[in-house]
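Participant: Take this structure first; my questions come after.
The values are calculated or read from the model by the stated rules, or taken from the named source; none is laboratory data. The structure presented is a predicted model; accordingly, all values stated were derived computationally and were not measured. All Cβ positions, even for glycine, are placed from backbone atoms using ideal geometry, and neighbour counts span all protein chains on display.
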Amino acid sequence: MLKPFEWKDRPALIEYLFPVQKISVESFKEQMAGAGKTLTALGSYWKGRKPLILNKACILGALLPVSDDRLKDLEIFEMLMGMDSQTMQQRLEANLAKSKHHTIGEYLILPYNEQVKKARRPEELAESLFNHIWEKVNKHLGTKAASFPELVEQMGIARFGHRPKVADVFCGSGQIPFEAARLGCDVYASDLNPIACMLTWGAFNIVGADKEKRAEIDKAQKKLAEQVQKEIDALGVETDGKGWRAKVYLYCVETICPESGWKVPLIPTLIISKGYGVIARLVPVPGEKRYDIDIVYVKTDAEINEAKTGTVQGGEMLHSPDGITLYRTKISTLRGDYKDGKENKNRLRLWEKSDFIPRPDDIFQERLYCVQWMRKKPSGKGDEYQFRAVTADDLEREQKVIDYVGAHLAEWQEKGYVPDMVIERGY
Ligand SMILES: C[S@@+](CC[C@H](N)C(=O)[O-])C[C@H]1O[C@@H](n2cnc3c(N)ncnc32)[C@H](O)[C@@H]1O
């Protein structure tokens, strides 16, 4: 057996072995756990999450050295991953209580992927799941660990002279730094996207908080949400006065067609909801050279398909006020694209710090064209929805919001609640 100091210059385990099939099965199980995943409580809309178990495998695989006994290396690695037969037995037993018709023996003869389906994930169970592995792990690696952080620290010192540092500069939701920290590494994380930074912060400080802190945070969040709702209700901008609350506001960009002089909404598709069978219909108003936008519930697939094509197709704006003459204008023409030497420029006005809606003479205007409303079903179970065209009342409520934001934006920027800096060009 190699001595700890001899581990220093050995290649990493992951360069020689990685039980891909087993790790794939475990990763799939975690991905399919949906709301049961450790970090999904934060930002369930974040799509790029990697499974924590895969991160664990990569981090350990990169940290552990390869020895001259590959079979032993694999055995130890599988133990650390909770994939050895003894750990699997405990993982299965943890689930057995739920199923009265099977015994452990029936499960243990199944192929690995079937066992995983019936078992709990290692991270769902207490650390004691790994109690039986440390003696063997220590014997193989020359460590004195009784937990992952101890093993990781000791291996880090043996290999690099210090506790391992993991830096993830594209951290997204923070899965990698979260798992690395849980294993006991020192971690550094950053991301271009402020939401990603917030999710990563939340992974550490909310999901990673102890029970009492979590309860305290939950209480504070609830209080804050109630307070915000109260203020919104006081402004009267989110309800229609008839028991419905707005869920979604659909906006489009609108611009003047240089050929016809008509004001045209830019909507790539007029389908609003396939599921509910809702489409938008453009109704020409010749006297004012603009379109009303009706919201219509249709019955057939053919009607839905007919609405597929909107006013933006293949980089062009298309519209026909009379159904006969079709006007086409390239979006690049609308934007006023031109070349200044080698640089591509256009005639769009850059927004300034105080801008949050277009100015009246901007090329692209914004237009609210549909509101999805919701209310509790009369049965009390779940919500019902309605898509409606925009009314004068909606526009009045929108104006209230515009006035409110206009009156407060500078203060919010001052306090750092909302961004106020230009995103710089280039690297
Ligand atoms: C695929 S996601 C990472 C997912 C993450 N590993 C997880 O499990 O959630 C890639 C991330 O890289 C970030 N990114 C892209 N370009 C970047 C840059 N130049 N600097 C920093 N972050 C960047 C994106 O904002 C995105 O969050």
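Participant: Among the residues in the range 216-231, are any within 23 Å of ARG49 (Cα to Cα), touching a helix residue (DSSP H, G or I) at 6+ places or on another chain (Cβ under 8 Å) and either more than 16 Å from the ligand (Cβ to nearest atom) or at pLDDT below 95 (or both)?
Facilitator: No, that holds for no residue.
Participant: Are any of the residues in the range 138-145 touching a Lys or Arg at 6+ places or on another chain (Cβ under 9 Å) and without any contact (Cβ under 8 Å) to a residue 60 or more places away in the chain?
Facilitator: Yes, some residue in the range 138-145 is touching a Lys or Arg at 6+ places or on another chain (Cβ under 9 Å) and without any contact (Cβ under 8 Å) to a residue 60 or more places away in the chain.
Participant: Looking at (1) buried (at least 17 other Cβ atoms within 10 Å of the Cβ); (2) within 19 Å of ASN113 (Cα to Cα); (3) within 12 Å of the ligand (Cβ to nearest atom); (4) not aromatic (Phe, Trp, Tyr), can you tell me which one GLU26 breaks?
Facilitator: Of everything listed in (1) buried (at least 17 other Cβ atoms within 10 Å of the Cβ); (2) within 19 Å of ASN113 (Cα to Cα); (3) within 12 Å of the ligand (Cβ to nearest atom); (4) not aromatic (Phe, Trp, Tyr), GLU26 misses just condition (3).
Participant: Next up: What is the one condition in (1) more than 20 Å from ASN131 (Cα to Cα); (2) surrounded by 21 or more Cβ atoms within 10 Å (Cβ to Cβ); (3) touching a residue at least 40 places away in the same chain (Cβ under 8 Å) that PRO164 does not satisfy?
Facilitator: (2) is the only condition that PRO164 fails.
Participant: What residue, of ARG347, ARG328, ARG290, is touching a Leu at 6+ places or on another chain (Cβ under 7 Å) and among the basic types (Lys, Arg)?
Facilitator: None of the other options fit; the residue is ARG328.
Participant: Identify, please: which residue in the range 167-218 is of a type in the set (D, E, K, R) and touching a residue at least 24 places away in the same chain (Cβ under 8 Å) and is, among those, farthest from PRO419 (Cα to Cα)?
Facilitator: Step one: of the range 167-218, the residues of a type in the set (D, E, K, R) are 168, 179, 182, 186, 191, 210-214, 216, 218.
Filter once more, so that each one left must be touching a residue at least 24 places away in the same chain (Cβ under 8 Å): 179, 182.
Details: GLU179: 30, ARG182: 32 Å.
My answer is ARG182.
Participant: A follow-up question, please. Restricting the search to the range 165-187, which residues are assigned to a loop (DSSP other than H, G, I, E, B) and either within 12 Å of the ligand (Cβ to nearest atom) or of a type in the set (D, E, K, R) (or both)?
Facilitator: Listed by number, the residues that qualify are VAL169, PHE170, CYS171, GLY172, SER173, GLY174.
Participant: While we're here: Given the structure, is ILE232 assigned to a helix (DSSP H, G or I) and more than 30 Å from ASN131 (Cα to Cα)?
Facilitator: Here the answer is yes, as ILE232 does meet what is asked.
Participant: Under the condition of being more than 35 Å from the chain's Cα centre (by Cα) and in a loop (DSSP other than H, G, I, E, B), which residue from the range 120-145 is surrounded by the fewest Cβ atoms within 10 Å (Cβ to Cβ)?
Facilitator: So the residue we want is LYS144.
Participant: Also, I was wondering about something else. Restricting to strands (runs of 3 or more DSSP E) lying wholly in the range 252-362: which have 3 or more residues that are over 30 Å from GLN386 (Cα atoms)?
Facilitator: Once the strands (runs of 3 or more DSSP E) in the range 252-362 are filtered for at least 3 residues that are over 30 Å from GLN386 (Cα atoms), what remains is 327-330, 338-340, 343-345.
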